[in-house]
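I have placed the structure first, in the form of structure tokens, so that the comments after it can refer back to it.
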There are 2 protein chains.
Amino acid sequence: MSVAFADRLIEGVRRTGSPLCVGLDPFPERMPTLFGDAANDPAAVLKFSAALIEIAAKHAAVIKPQLGLFEQFGERGYAVARLACEQARDAGMLVILDAKRGDIGTTAEGYARATLGARPGFDADCVTVNAYMGLDTLAPFLALAERDAKAVAVLVRTSNPGARDIQDLDVGGAPVWRRLAEMLSPMGERLKGASGWSGLMAVAGATYPEEARALREAMPDALFLVPGYGAQGASASDAVAGFVTTRYGREGGVVNSSRAVSYPAGAETAKTMAEWRALITDALIAAKNELKAACAP
Amino acid sequence: MSVAFADRLIEGVRRTGSPLCVGLDPFPERMPTLFGDAANDPAAVLKFSAALIEIAAKHAAVIKPQLGLFEQFGERGYAVARLACEQARDAGMLVILDAKRGDIGTTAEGYARATLGARPGFDADCVTVNAYMGLDTLAPFLALAERDAKAVAVLVRTSNPGARDIQDLDVGGAPVWRRLAEMLSPMGERLKGASGWSGLMAVAGATYPEEARALREAMPDALFLVPGYGAQGASASDAVAGFVTTRYGREGGVVNSSRAVSYPAGAETAKTMAEWRALITDALIAAKNELKAACAP
């Protein structure tokens with residue numbers, strides 16, 4: 001695992017031909033009964049995750065489990081999330097654990113171990129973090145990431161309507177998120193790979209493409225994790241607005257799709273695993289190809 | 001559970017005579033071997049938590065488990081945290097789960113259920129949250145809190161040195177944290193109790209007493225959760241700087257102490273439970289009385 005996360009991510013994107021990141025979001029009420037009674041039995045969530053990962057690994061390099069949706073099942077859901085991370089890694093995928101943690105000192109160390117650390121941690125390749133409490137709160141995550149060739153994705157400009165409340169407050173002519181980006185950029189040096197990209201990633205909502213371009217100016221080397229594509233309303237070209245043109249096409253991060261690829265129309269009422277697999281495969285291929293086209297050289 | 005959290009907290013503070021909140025922070029390397037091998041066995045953490053809660057319930061109305069320090073033990077640590085919340089409630093304490101969660105839409109709903117919701121959730125009385133992503137991200141927490149007479153503590157001005165990086169950025173003459181406080185204040189109406197205090201709490205670091213006073217101006221009704229007292233260097237009078245004078249003395253929140261009360265000098269090498277209990281009791285009484293004196297009418 002001595003190859004930098006940034007290089008592994010870029011290699012995976014080139015290999016699959018697409019920056020698609022598959023969101024693993026367990027919604028019990030949308031999960032086909034094929035997998036069991038998800039509302040009451042986290043084992044059904046594990047079956048669903050395993051089945052989704054098996055197909056996703058053929059079409060995408062990266063998976064993003066949404067930890068909050070596992071935690072709603074309590075400690076068993078937390079355990080299922082860890083097992084899902086293990087399965088995804090075994091299937092050759094990079095795991096971005098969407099945990100949005102953020103705390104100070106020894107607690108931040110605890111969260112860093114819990115997410116990036118080996119068992120009993122999730123052993124994720126990357127974890128999402130919230131920097132509101134300050135740059136010192138990132139240190140334990142960055143230290144573990146540097147040691148193990150992993151990554152940290154900092155929430156900079158998110159994709160929800162309320163993102164403007166704090167992130168867009170004007171600080172002497174630039175929004176808060178831009179000031180954060182400027183502080184983060186030099187910190188990314190230590191997670192930089194041979195590709196020139198850094199594993200100090202920025203979460204950059206696809207619903208605001210003009211912000212993504214401005215964020216790229218502030219963080220030229222950071223890989224972007226782009227949420228908001230698909231179900232949240234952003235187009236493929238909006239989603240890659242913060243990518244840059246290289247000889248391989250537009251590159252610079254991954255674009256997440258959750259609901260559109262894991263709960264496509266008809267999947268909820270699928271009668272057989274074969275039917276469900278076919279729907280998921282079609283949805284994944286559609287998202288992969290749409291993003292591939294948006295990034296074509 | 002129809003009495004508002006704010007009223008239950010104020011009642012507890014008056015009953016114990018002190019705004020002390022006991023931080024439940026499992027540091028395996030500091031835990032006496034009396035409880036077992038904490039570094040490798042989360043059962044030792046459960047024993048430690050149970051023993052601490054038993055004593056803490058006699059001297060403080062509120063306990064604050066630090067979830068990140070439980071999560072470092074993986075899913076078993078997560079389960080131990082839930083059991084500790086249950087024990088603390090059974091002992092009559094109010095539980096502020098220090099989880100610092102923050103996410104959008106359905107994921108925020110997941111975190112709200114996981115923390116404030118009944119089993120398999122933690123069923124905490126209050127949860128700490130991070131509002132960087134926007135006010136919409138607070139909605140699911142506030143909805144559950146309102147329904148169940150619980151509370152939400154928003155990170156406003158934290159106690160760490162890096163707090164200045166984002167929180168202190170100047171937005172047209174006032175820092176980001178003050179703008180956040182102004183937006184939060186009217187939202188607290190729905191969690192207001194008969195006491196006049198609101199369960200939309202603000203985390204207000206004790207290491208910055210002048211900020212605490214300014215925060216009180218911006219959020220006159222919000223109960224404060226004050227970290228940073230004791231081991232982090234703030235004095236008792238600094239810690240209650242944001243409280244207001246009432247006929248019961250200075251009131252307006254709780255002041256957390258973690259290390260000073262759960263790992264006092266000598267406790268780590270205690271040879272017997274009786275010796276450990278005596279040290280913990282002394283430390284709790286000292287913190288309780290110091291805060292009591294700082295709040296005396």
In the stretch A:231-253, anything within 16 Å of A:THR158 (Cβ to Cβ) and under 14 Å from the mean Cα position of the chain (by Cα) is listed as A:ALA239, A:GLY253
Flagged in the stretch B:100-154 as among the small types (Gly, Ala, Ser) and outside any helix (DSSP H, G or I), in numbering order, are B:GLY102, B:GLY117, B:ALA118, B:GLY121, B:ALA124, B:ALA131, B:GLY134, B:ALA149, B:ALA151, B:ALA153
Restricting attention to the stretch A:29-49, does a residue exist that is within 10 Å of chain B (Cβ to nearest Cβ), within 19 Å of A:CYS126 (Cβ to Cβ) and over 16 Å from the mean Cα position of the chain (by Cα)? no
Filter pass, A:VAL22 being closer than 23 Å to A:MET273 by Cα, more than 11 Å from chain B (Cβ to nearest Cβ) and among the β-branched types (Val, Ile, Thr) | yes
Note: among B:SER257, B:SER195, just one is over 17 Å from B:VAL154 (Cα atoms), under 14 Å from the mean Cα position of the chain (by Cα) and modelled with pLDDT of 95 or more, namely B:SER257
Checked B:ARG213, B:ARG178, B:ARG190 against criteria (assigned to a helix (DSSP H, G or I), within 14 Å of chain A (Cβ to nearest Cβ), farther than 17 Å from B:LYS100 by Cβ and among the basic types (Lys, Arg)); the one match is B:ARG178
Scanning the stretch A:216-256 residue by residue, the ones that are among the charged types (D, E, K, R) and part of a loop (DSSP other than H, G, I, E, B) total 2
Worksheet item: Looking at this structure, is B:THR106 in contact (Cβ under 8 Å) with a residue 12 or more places away in the chain and among the polar types (S, T, N, Q)?
Response: no
Those residues of the stretch B:55-72 which are without any contact (Cβ under 8 Å) to a residue 60 or more places away in the chain and under 25 Å from A:TYR78 (Cα atoms) amount to B:ILE63, B:PRO65, B:LEU67, B:GLY68, B:LEU69, B:PHE70, B:GLU71, B:GLN72
Counting only residues that are assigned to a helix (DSSP H, G or I), crowded, with 21+ Cβ neighbours inside 10 Å and in contact (Cβ under 8 Å) with a residue 60 or more places away in the chain, the stretch A:15-54 contains a total of 1
Taking the stretch B:158-172 and the residues there that are facing another protein chain (nearest Cβ under 7 Å) and farther than 21 Å from A:GLY172 by Cα, the one that is surrounded by the most Cβ atoms within 10 Å (Cβ to Cβ) would be B:THR158
Counting only residues in the stretch B:193-210 that are among the hydrophobic types (A, V, I, L, M, F, W, C), more than 14 Å from every other protein chain (Cβ to nearest Cβ) and crowded, with 21+ Cβ neighbours inside 10 Å, the one farthest from B:GLY252 (Cα to Cα) is identified as B:LEU200
Restricting the stretch B:141-164 to residues that are in contact with a strand residue (DSSP E or B) (Cβ under 9 Å, 6 or more places away or on another chain) and of a type in the set (Gly, Ala, Ser), the one farthest from B:LEU191 (Cα to Cα) turns out to be B:ALA163
Conditions (1) in a helix (DSSP H, G or I); (2) among the small types (Gly, Ala, Ser); (3) crowded, with 23+ Cβ neighbours inside 10 Å; (4) touching a residue at least 40 places away in the same chain (Cβ under 8 Å) -> A:GLY12 fails only (3)
Of the listed residues (B:VAL240, B:VAL244), the one being surrounded by 24 or more Cβ atoms within 10 Å (Cβ to Cβ), in contact with a strand residue (DSSP E or B) (Cβ under 9 Å, 6 or more places away or on another chain), β-branched (Val, Ile, Thr) and on the phi < 0 side of the Ramachandran plot is B:VAL240
By residue number, the members of the stretch A:195-214 that are out of contact with any helix residue (DSSP H, G or I) (no Cβ under 9 Å at 6 or more places or on another chain) and either of a type in the set (Phe, Trp, Tyr) or without any contact (Cβ under 8 Å) to a residue 40 or more places away in the chain (or both) are A:GLU210, A:ARG213
Among residues of the stretch B:83-107 being surrounded by fewer than 24 Cβ atoms within 10 Å (Cβ to Cβ) and out of contact with any strand residue (DSSP E or B) (no Cβ under 8 Å at 6 or more places or on another chain), the residue farthest from the other protein chains (Cβ to nearest Cβ) is B:GLY92
Here the residues within the stretch B:266-287 that are of a type in the set (A, V, I, L, M), exposed (fewer than 15 other Cβ atoms within 10 Å of the Cβ) and touching a residue at least 12 places away in the same chain (Cβ under 8 Å) are B:MET273
In the stretch B:55-74, residues that are crowded, with 23+ Cβ neighbours inside 10 Å and either hydrophobic (A, V, I, L, M, F, W, C) or at the interface with chain A (Cβ under 8 Å from one of its Cβ atoms) (or both) total 13
Next item on the list: May I ask you to verify whether A:ALA222 is within 18 Å of A:LEU94 (Cβ to Cβ), in contact (Cβ under 8 Å) with a residue 12 or more places away in the chain and small (Gly, Ala, Ser)?
Entry: yes
Inside the stretch A:108-122, the number of residues satisfying the requirement of being facing another protein chain (nearest Cβ under 9 Å) and out of contact with any strand residue (DSSP E or B) (no Cβ under 9 Å at 6 or more places or on another chain) is 6
Against the condition surrounded by 21 or more Cβ atoms within 10 Å (Cβ to Cβ), at pLDDT 95 or above and touching a Leu at 6+ places or on another chain (Cβ under 6 Å), how does B:LEU291 come out, does it pass? yes
If we keep only residues of the stretch B:123-157 that are under 17 Å from B:MET93 (Cα atoms) and surrounded by fewer than 21 Cβ atoms within 10 Å (Cβ to Cβ), then the residue farthest from the other protein chains (Cβ to nearest Cβ) is B:ALA149
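The values are calculated or read from the model by the stated rules, or taken from the named source; none is laboratory data. What you see is a predicted model; the values in this text were computed from it and never measured. All Cβ positions, glycine included, derive from the backbone under ideal geometry; neighbour counts span all protein chains shown.
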